[in-house]
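Asks: Can you keep this structure in mind? I'll have questions shortly.
The values are calculated or read from the model by the stated rules, or taken from the named source; none is laboratory data. Please read all numbers here as calculations on a predicted model, not as lab measurements. Every residue, glycine as well, gets a Cβ built from its backbone with ideal geometry; the counts of neighbours run over all protein chains shown. The protein model used for the area step is the full one, side chains on, heavy atoms only, and it has no ligands, DNA or RNA in it. Shrake-Rupley method; radii C 1.70, N 1.55, O 1.52, S 1.80 Å.
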Amino acid sequence: MNEQAKPRGDILIVDDMAANLKVLSTMLTDNGYNVRPAINGSLALKAASSITPDLILLDIMMPGMDGYEVCQKLKENETTHDIPVIFISALDEVVNKVRGFEMGAVDYITKPFQMAEVVARVNTHLTIYKQRKEIEGLNAFKDLFIRTVSHDLGSPISNILGYTEMLIQDGDRLDPDYAKQMLSRISTSAERMQRLVNSMLDLTRIEGVTLRPSPLLLRDVLDGVFMEFQFPAQEKGITVRPPQNPIQAQINADPDLIGEVFQNLLSNAVKYTPANGEITINVETDSSHVFVHIDDTGYGIPEEDIPHLFERFYRVGRTEHIAQQGSGLGLSIAKLILDRHEGEIRVKSQIGQGSRFTVSLPIYDPQTAAVNL
Ligand code: ADP
């Protein structure tokens, strides 16, 4: 798919008159938009909540549910309430424009349609919507930044300041071994800060990033990650068992991002499994998805913590978990990446026995991909 062939936006048109739908659809399709028609309010609500459009053109006067009511329902629903709605009314219809704006509409278009006007208004509102999303993204970044600084950077910074202060004041009188110990604590704190900053940048990059998916062999992704963990696992006396069966599945994924999911999961498996444990990876497929199971024989996760694991900064409060270095961001990053690949992640765990993290991803099928182009 090349850049030019990409639609400029996905627009849902709601009108009970087939002739109007046709005029608007042709006009907008010719101008590079992807258009979906709906002939009444309830079909429009279904269409909008199953695949969120970028903008909705909504006729006011319709039998059954009228445009005001459809708009109100769209605004009440969390998945659709942000979508800009432009009302359509005929010049001779007596409609209450103020009521429309109160319902959350952003603009009006009157029939008969002037092509240049429709395209200009649609364009303007798509641009405003996109810019608003960008601002929201920046605000989310600001919130995350402030939370991280206050939540996790504070203690390593004060460690570093405390130890450097001691070294500056008493450095020449200190026992060299003791001084070395302080330096290594400084270094540990700095590493912790570096990890946090990297995770935070990862999160914001993933949120804002345009995915660059390409067909990949899952085996290649996993092989790359296993290599990285062989050494840390070995050091801890943990046996890592890679999948035994040959993996044929292809996925359509951003190679940089998808590797990070498995990296985070394996890193956790190594961290939260005591010496001499085992980590086993299995891969299964059904007709549409591939499932990667990562099992460990580690500390396990209490049932009440499981629903929160993918929240930012969430860590299990048990001693053996807290004893490991961590920021509570790894799993939220993994989930974010999977969301953007139509993938999922699930956890099963038993305290003291171990955990199973399962990642599922749609299998890439070159044949259907070709049809969709
Ligand atoms: P962290 O940086 O703390 O490891 P994550 O977001 O990756 O952050 O994980 C969140 C929490 O989930 C961890 O702090 C840990 O308590 C728990 N956890 C994650 N993976 C495992 C695992 N394989 N076994 C036991 N607990 C785990």
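Asks: Under the rule a/c < 1.5 gives rounded, and otherwise a/b versus b/c splits prolate from oblate, where does the stretch 231-276 land using the Cα gyration tensor?
Replies: Oblate shape, in that a/c is at least 1.5 and b/c is the bigger or equal ratio.
Asks: Quick one: which of 359-365, 345-351, 302-308 comes out on top by average Cβ neighbours within 10 Å, and what's the full order, highest first?
Replies: Going from most to least packed, we get 359-365, 345-351, 302-308.
Asks: Rank these residues by their accessible area, most exposed first, probe 1.4 Å: S187, S89.
Replies: Solvent-accessible surface, decreasing: S187, S89.
Asks: What net charge is computed for the residues neighbouring I109, neighbours being all others with C-beta under 13 Å from the C-beta of I109, Lys and Arg scored +1, Asp and Glu -1?
Replies: Result for the neighbourhood of I109: -2.
Asks: Also: Would you list, by chain and number, the aspartates and glutamates whose Cα falls below 20 Å from the Cα of K142, excluding same-chain residues fewer than 8 positions away?
Replies: Answer for K142, where 20 Å is the Cα cut-off: E134, D152, D202, E207, E311, listed by chain and number.
Asks: Can you give the FRET efficiency for S49 and Q248, using 1/(1 + (r/R0)^6), R0 = 25 Å, r = Cβ-Cβ distance, to the nearest 0.05?
Replies: 0.10
Asks: Return the calculated 222 nm mean residue ellipticity for the chain, to the nearest 500 deg cm²/dmol, obtained by summing -39500 (n - 2.57) across DSSP H runs with n ≥ 4 and dividing by the residue count.
Replies: Helix contribution divided over all residues of the chain: -15500 deg cm²/dmol.
Asks: Moving to a separate point now. Classify the stretch 156-282 as rounded, prolate or oblate, taking a ≥ b ≥ c as the square roots of the eigenvalues of its Cα gyration tensor: rounded when a/c is under 1.5, otherwise prolate if a/b is larger than b/c and oblate if not.
Replies: oblate
Asks: For the chain, how big is Rg over Rh, using alpha carbon atoms and the Kirkwood form of Rh?
Replies: Ratio of gyration radius to Kirkwood radius: 1.09.
Asks: When Lys and Arg each count +1 and Asp and Glu each count -1, what net charge do the other residues less than 14 Å away from E191, Cβ to Cβ, add up to?
Replies: Combined, the nearby Lys, Arg, Asp and Glu give +2.
Asks: Using only Cα atoms, tell me the angle between helix 18-30 and the longest principal axis of the chain; keep it within 0 to 90° and round to the nearest 10.
Replies: 50
Asks: Take every DSSP beta bridge with both residues inside the stretch 19-137 and express the antiparallel ones as a percent of the total, to the nearest 5.
Replies: 0
Asks: A 21 angstrom limit on the alpha carbon distance is what I want to check against. Which of K180/K236; K46/K75; K75/K133; K22/K97; K46/K335 exceed it?
Replies: Going by Cα-Cα distance, K180/K236; K22/K97; K46/K335 fall outside the 21 Å limit.
Asks: How much net charge surrounds S214 when only other residues with a Cβ under 12 Å from its Cβ are counted (Lys, Arg +1; Asp, Glu -1)?
Replies: That sum, taken over residues with Cβ under 12 Å, equals -2.
Asks: Further, regarding this structure: What is the antiparallel percent of DSSP beta bridges lying wholly in the chain, to the nearest 5?
Replies: Bridges in the chain are about 55 percent antiparallel.
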